[in-house]
1. Leaving out ligands, DNA and RNA, and with a 1.4 Å probe, what % of the accessible surface on the stretch 69-143 is carbon or sulfur?
2. Ratio to report: Rg/Rh of the stretch 1-106, with Cα atoms as the point set and Rh obtained by the Kirkwood method; give two decimals.
3. Counting only protein heavy atoms and a 1.4 Å probe, tell me what percentage of the stretch 1-55's accessible area is made up of carbon and sulfur.
4. Sorted by average packing, counted as other Cβ atoms within 10 angstrom per residue and highest first, what order do 1-10, 106-115 take?
5. Given 0.36 nm per residue, what is the gain on full extension from residue 44 to residue 204 after removing their alpha carbon distance, in nm?
6. Could you tell me what % of all Cα pairs in the stretch 48-92 have separations over 14 Å?
7. Could you do me a favour and compute the accessible area per residue for the stretch 1-136, 1.4 Å probe, result in Å²?
Amino acid sequence: MPILARYRDGSYLSTLGTLRVRVIECEITISTPAGRQTGVYRLATTLLDHHHYPAGELITLYHQRWEIETAYLELKSSILGGRVLRARTPTGVEQEVYALLVVYHLLRTAMADATSTQPDTDPDRASFTIARQAARDQLIQAAGVIADTVIDLIGTIGRHVLANLLPARRLRVCPRIVKRAISKYQARGPVIDRTSYKATLGIDILIPPEALTAPTKT
């Protein structure tokens, strides 16, 4: 990738086709009781301002990309309870999907608003199950249907969430595997390690040799 400018945080400005991007190259080491594994990764982002979005913070944040799987779980298992959509037409299915997404984002907004009132509280500690149960009880009991003139940022849902915060999340890793059909017979092939390990993460931002000759921006 062409290097147009190099930044002091180790990232550099480049292009993907006609799109300007900022590239961060890093070496990530994951250490678990089962051993260590090191890999080199390259992240291209349209967040070009290295002052507001330092390379180290972006790489650390990128590690949480897998949490989208948690959102799918909460939509399918928590809100839907494992049930299928009831609609029988494309329009009806689209309406139900939008309704699910609206409910999900409202609950997540309430959780984020609640945790933001307590400094240094990670939003990951908010329980989606607690928020969903509190919202359901509010609907059934019709409590607080008349809004007060004073805006309550936390609200009833938020108070339940803050009263039942989850423990701080620990870094864990689990190998990505292809799911196999459940069978009472022994599956052929090598034994797959399905253990989830506690891990520590080491990140080193790499500066490519060709970047040393490019102009530096502060």
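The values are calculated or read from the model by the stated rules, or taken from the named source; none is laboratory data. This one's a predicted model, so the numbers in the text were calculated from it and none came from an experiment. Positions of Cβ are backbone-derived with ideal geometry, glycine not excepted, and every protein chain shown enters the neighbour counts. Accessible surface areas use protein heavy atoms only, side chains included; no ligands, DNA or RNA. Shrake-Rupley method; radii C 1.70, N 1.55, O 1.52, S 1.80 Å.
1. On the stretch 69-143, the fraction of accessible area on carbon and sulfur atoms equals 57 percent.
2. The Rg/Rh ratio comes out at 1.16.
3. Result for the stretch 1-55: 52 percent of the exposed heavy-atom area is carbon or sulfur.
4. So the order, starting with the most tightly packed, is 106-115, 1-10.
5. 56.0 nm
6. Summing the P(r) of the stretch 48-92 above 14 Å gives 68 percent of all pairs.
7. It amounts to 63 Å² per residue over the stretch 1-136.
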